[in-house]
Amino acid sequence: MLDFIVLFITVGIPLSSALLLASLGETVNQRSGVFNLGCEGVMCMGAFVGMFIPYLVGGSAKVAWYVNVAGLAAAAVTGALFGLLFGIVVIKFGAPQGIAGIGLQLFGTGLAGSLYRHFIGGAQGVAGIDAISIPVLSELPIVGKMLFSCNPMVYFSFLMVPVVHYILFKTPWGLKVRACGTFPRAADSMGIDVSKTRYQALAFGSAMAALAGAYLSVCYAKIFTDTLVGGRGFIAVALVYFGRWSPLGVLGGAMLFSLAQALQLAVQAYGFAAFPYEFLVMLPYVLVVVVLVFVGKSKHVGPAMLGKPFNREMRT
C-alpha cells in the first residue's frame, strides 16, 4: 500500500504543473476583470511552439538543453501575443469575453494542429528537459523521490505560487490589477490606465498558459499531439473559481485535480482489474462540475467587474 501511495503522489505532482501554471496566469487575468476561456487554445499553441523549436534545431544533448529552454521562452512570448490579441477584441472593441474566449480556443487549437501537420506531419518526439535530482534531499526515504526528483519546470511552477501571490498583494502593480477588476471607474479616477493594466495582465496570464502547454510537450510528454492539452485549459479556468482567486487556493485545487487524474494511472499500473478505472478517468472532470456547482452557491464572490468591459465615457 505504501508503494501505491508513493507512486500515486509521484505521478500526481508532475501532472499538477501544467494546471498550476495556467491557473496562476488565469488568476491574474480574472483579478484584472477579464476571464479568458481561450486558455485551452493558448496552451495548445504554447505546446506546439515549445516543441517545434527543439524539433527544428536538434543538436547534441548539451545544445538541446539550451534549445529546449529557448522553446519554452518562445512559447511564453507566443502566449503573450495571443493574450494581447484577445485584449484587443475584448478591451478595445468590447466583445463579450465568453464568446471571444471560445473563439480564441478554437483558433488556437486549430492553428496549432494545422501548423503541426504542415511542418511535422507525424508523431515526432524531442529530447526535452529531463527530471533532475536535488543532491541529498532526493536521497531521503519516501519524500525524496516524490518531491526532490522532479523536472525543473515542476519546481518553477510551485515557485510561481508565492511569486504571483507577492505580485498581486504586495506590489503597486498588483494593487492596480485588483482595483481594475473590482472598481475600474475608481481606479481610472485615481489615474490608473485600466485598459493598459488589463492588457498587461492578459499578456502575463496568457504567457503562463502557453508555458503550461510547453511544459506538456517539452518536459512531460516530449511530443505534441492535438489531444495533448486534453481540456486542461478549461479545468484551469475552473480552478481559479475553486481557489477563490487566490494563488494558494489555486495550488490546492491543482493538486486535488492532478491527484484525481494520477489515481487512475496508479490503479492501472498496479493492475487492480476489479476496479473500473474508466470511472477514475472521468473523475477529474466530474470534480470540475461539482466545484462549479458549489462555487456558484457560495457567498464568496470574485472580482466585482469580472467579465464586464470598462468604458470611461460610459457609466460602466
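The values are calculated or read from the model by the stated rules, or taken from the named source; none is laboratory data. A quick note: this is a predicted structure, and the numbers were derived from the prediction, not measured. Using ideal geometry, Cβ is built from the backbone for each residue, glycine included, and neighbour counts are taken over all protein chains shown.
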For this session: Evaluate region 252-263: report whether one residue or more is in contact with a Pro (Cβ under 7 Å, 6 or more places away or on another chain), aliphatic (A, V, I, L, M) and at pLDDT below 95.
Result: yes
For this session: Could you list, in sequence order, all residues of region 5-44 that are part of a helix (DSSP H, G or I) and among the hydroxyl-bearing types (Ser, Thr, Tyr)?
Result: Thr10, Ser16, Ser17, Ser23, Thr27
Exercise. Quick one: which of Ile9, Ile13, Ile91, Ile5 is closer than 23 Å to Pro184 by Cα and not basic (Lys, Arg)?
Worked result: Ile91
Problem set entry | Conditions (1) polar (S, T, N, Q); (2) out of contact with any Lys or Arg (no Cβ under 9 Å at 6 or more places or on another chain); (3) modelled with pLDDT of 95 or more: number failed by Thr197 | (2)
Problem set entry | Residues satisfying the stated conditions in region 88-106, i.e. of a type outside the set (S, T, N, Q) and under 15 Å from Ala209 (Cα atoms) | Gly101, Leu104
Exercise. Do the conditions hold for Ser133, that is, is it more than 19 Å from Ala22 (Cβ to Cβ), without any contact (Cβ under 8 Å) to a residue 40 or more places away in the chain and surrounded by fewer than 13 Cβ atoms within 10 Å (Cβ to Cβ)?
Worked result: no
For this session: Look at Leu56 and say whether it is of a type in the set (A, V, I, L, M, F, W, C) and within 19 Å of the chain's Cα centre (by Cα).
Result: no
For this session: Please specify each residue of region 229-270 satisfying the condition of being in contact (Cβ under 8 Å) with a residue 60 or more places away in the chain, hydrophobic (A, V, I, L, M, F, W, C), surrounded by fewer than 21 Cβ atoms within 10 Å (Cβ to Cβ) and farther than 22 Å from Val291 by Cα.
Result: Leu265, Ala269
For this session: Could you please let me know if Phe8 is closer than 30 Å to Cys180 by Cα, at pLDDT below 95, out of contact with any Phe, Trp or Tyr (no Cβ under 8 Å at 6 or more places or on another chain) and surrounded by fewer than 24 Cβ atoms within 10 Å (Cβ to Cβ)?
Result: no
Problem set entry | Pick from region 169-220, criterion basic (Lys, Arg) and under 30 Å from Ala47 (Cβ atoms), ranking: surrounded by the most Cβ atoms within 10 Å (Cβ to Cβ) | Arg198
Problem set entry | Hits in region 126-141 - residues which are in a loop (DSSP other than H, G, I, E, B) and either under 28 Å from the mean Cα position of the chain (by Cα) or among the hydroxyl-bearing types (Ser, Thr, Tyr) (or both) | Val126, Ala127, Gly128, Ile129, Asp130, Ala131, Ile132, Ser133, Ile134
For this session: Run down Ala47, Ala74, Ala61 and say which single residue is farther than 22 Å from Thr109 by Cβ and either over 18 Å from the mean Cα position of the chain (by Cα) or at pLDDT 95 or above (or both).
Result: Ala61
For this session: Would you confirm whether any residue within region 98-120 is out of contact with any Pro (no Cβ under 6 Å at 6 or more places or on another chain) and assigned to a loop (DSSP other than H, G, I, E, B)?
Result: yes
Problem set entry | In region 78-100, residue farthest from the chain's Cα centre (by Cα) [restricted to those that are more than 20 Å from Val194 (Cα to Cα) and surrounded by 16 or more Cβ atoms within 10 Å (Cβ to Cβ)] | Thr78
